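For reference, the structure is listed below as structure tokens.
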Amino acid sequence: MLPLTIQAAQKLADFLTSSNGIETEVNLVASLAGRSIPALPATQVFVTSTSTSMADVQQQLGYPRVAVFSNRVRNQQTEKFRSLSGMVTVIAEISATADLVDQVESAIHFYVEAVSNVLRRNIGDWGDGVFFPGTYDVEVQAPSTGASGFLQLARITCELKVSRN
């Protein structure tokens, strides 16, 4: 069995790369708004905590992309007879780039909406003692220069409940 920190991130990545995951959601959200947004293919979803600047060195990682990782486990012992009962924090970090700042600012919000839609569709039991209660936080950073012009990041943070022996 994979370590919890990898397994929880992989579960979210699996939802994002499913047939009705991020690629479908981005297209749907953009089409409903009558906008043209660069596609975010499922092949651009990675389970990695590699920083954006370091990931740019790896040629197989393009833009836009989603990096999914766990950064925190809290064993709160909320269930008396479980060895692990608490929370694991999983982050989906979205990176987008464009030639013009208004293009990247627009696109990042569509990607955030798409990931949020996937999360809302998957509230509940994720298996293996992992449960998503439906709450998450979104943090959108200001655009900066980088990549092929302007770079913008957004982080969606979820706290998953965990219960294991």
Worksheet item: What tally of residues in the stretch 73-111 results from selecting those that are of a type in the set (A, V, I, L, M, F, W, C), touching a Gly at 6+ places or on another chain (Cβ under 9 Å) and part of a helix (DSSP H, G or I)?
Response: 2
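Would you confirm whether any residue within the stretch 77-88 is out of contact with any Pro (no Cβ under 6 Å at 6 or more places or on another chain), under 27 Å from SER31 (Cβ atoms), at pLDDT 95 or above and among the aliphatic types (A, V, I, L, M)? Full working, then the answer.
Filtering the stretch 77-88 down to residues out of contact with any Pro (no Cβ under 6 Å at 6 or more places or on another chain) leaves 77-88.
From the residues that got through so far, the ones that are under 27 Å from SER31 (Cβ atoms) too are none.
Scanning the stretch 77-88, I find no residue that is out of contact with any Pro (no Cβ under 6 Å at 6 or more places or on another chain), under 27 Å from SER31 (Cβ atoms), at pLDDT 95 or above and among the aliphatic types (A, V, I, L, M), so the answer is no.
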Worksheet entry | Cross-chain or 6+ apart pairs with Cβ under 8 Å, the stretch 152-164 first and at negative phi, then of a type in the set (Lys, Arg) | SER163/ARG82; ARG164/ARG82
Practice prompt. Any residue in the stretch 57-70 that's modelled with pLDDT under 90: show its pairings with residues that are of a type outside the set (S, T, N, Q) and outside any strand (DSSP E or B) at Cβ separation under 6 Å, as long as the two are six or more apart or on different chains.
Written response: LEU61/ALA55
Practice prompt. Return the residue satisfying two criteria in turn: it lies in the stretch 122-151 and is surrounded by fewer than 12 Cβ atoms within 10 Å (Cβ to Cβ) and in contact (Cβ under 8 Å) with a residue 24 or more places away in the chain, and of such residues it is nearest to GLN10 (Cα to Cα).
Written response: GLY127
Worksheet item: Could we say that ARG155 is surrounded by 15 or more Cβ atoms within 10 Å (Cβ to Cβ) and part of a loop (DSSP other than H, G, I, E, B) here?
Response: no
Fill in: Where a residue in the stretch 103-116 is under 13 Å from SER36 (Cα atoms) and its partner, wherever it lies, is part of a helix (DSSP H, G or I), with Cβ under 7 Å and at least six apart
PHE110/VAL26; PHE110/VAL29; PHE110/ALA30; TYR111/VAL26
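The values are calculated or read from the model by the stated rules, or taken from the named source; none is laboratory data. Please read these numbers as outputs of a predicted model, since none were measured by experiment. Because the Cβ atoms are built from the backbone with ideal geometry, glycine has one as well, and the counts that use them run over all protein chains shown.
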